[in-house]
1. Scan around residue 95 for amide H atoms under 5 Å from its own, H built in the peptide plane at 1.01 Å from N, and keep only partners 5 or more places away or cross-chain.
2. Looking at 168, 218, 49, which one has the Cα that reaches farthest to the positive end of the dipole of region 48-229 (charges on Cβ: Lys, Arg +1; Asp, Glu -1)?
3. Counting Lys and Arg as +1 and Asp and Glu as -1, what is the net charge of the other residues whose Cβ lies under 13 Å from the Cβ of residue 178?
4. Evaluate 2.2 N^0.38 Å with N set to the residue count of region 48-229, then give the Cα radius of gyration divided by it.
5. Give the order of 220, 120, 87 when sorted by the count of other beta carbons within 10 angstrom, beginning with the fewest.
6. If you stretched the chain out fully between residue 90 and residue 213, how much longer would it get, using 0.36 nm times the residue separation minus the C-alpha to C-alpha distance?
7. Using Cα pairs closer than 8 Å and at least 6 residues apart in sequence, work out the relative contact order for region 48-229, in percent.
8. Would you mind checking the pairs 184/206; 39/153; 41/154; 41/153; 61/140 and listing those with alpha carbons more than 18 angstrom apart?
Amino acid sequence: MENKFLNRKSLKKIFLFGILLFLLIEYFSIPSYSIQLLKNKNPGKTALMRQRIKESDGKIKINQRWVSLTRISPHLIHAIIVAEDGTFFEHGGIDWYEVQESIEKNIEEGRAARGASTITQQLAKNLYLSTSKDPLRKIKELIITLRMERYLKKNRILEIYLNVIEFGEGIFGVESAARKYFGKSSAELDRYESARLAAIIPSPLKHSPVENSRWLNYRTNIILNRMEARGW
């Protein structure tokens, strides 16, 4: 009986040690140096871009045009902030209030009904990870997020995000999206166009900002109301 108890304790210790070792390996595999390089260097193909290319067997061509933050319409910047991360400039990369609300909502629904990813978290996932919902991937995402907030200024995080976010099949970044859907640069987008573009961010492969659907109109109106409430 005593030997059986000791064996269980030994197995538990081995199991916990294995988890700890795995987490340490994962921690040190996180690209800290490349995050620091983002201060002055724009990223190349992101993990999400490479994933989309692989999923299409190389058929998808990446459509991306890099623009500085100063060359993006303030309307579009405001629309995306209120749509995706209203407290972006206040939190340290993770909105703990939204995390709590998300957990409570998901428990109530019994499924992943609500996410809680900030702009920085989305950027971490797009640059380095994948669309997998693996809990271990989420841990890596949180670590990368905190490192980004440590090394990069908020405006730089926002600039990179706006240039790599997905807006449709092969379409990445606000400049390519603006030219694809509205035939103009991202600097020229008005409030309404900006709100419609921001509205599709959660489902860029299912929806287009120029479609006429109840879902898109509903999302657009919510974003416009939030912008108006902030004086935008």
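1. The list, which skips near neighbours in sequence, is 118.
2. Towards the positive end, the residue furthest out is 49.
3. My count for the surroundings of residue 178 gives +2.
4. Details: Rg = 16.0 Å, N = 182, 2.2 N^0.38 = 15.9 Å.
Compared with the compact-globule rule of thumb, region 48-229 sits at 1.01.
5. Fewest to most other Cβ atoms nearby, the residues stand as 87, 220, 120.
6. 40.9 nm
7. 29 percent
8. Result: 184/206; 61/140 exceed 18 Å.
Each value in this text was obtained by applying a stated rule to the coordinates, not by laboratory testing. Keep in mind that what you see is a predicted model, and the values were worked out from it rather than measured. All Cβ positions, even for glycine, are placed from backbone atoms using ideal geometry, and neighbour counts span all protein chains on display.
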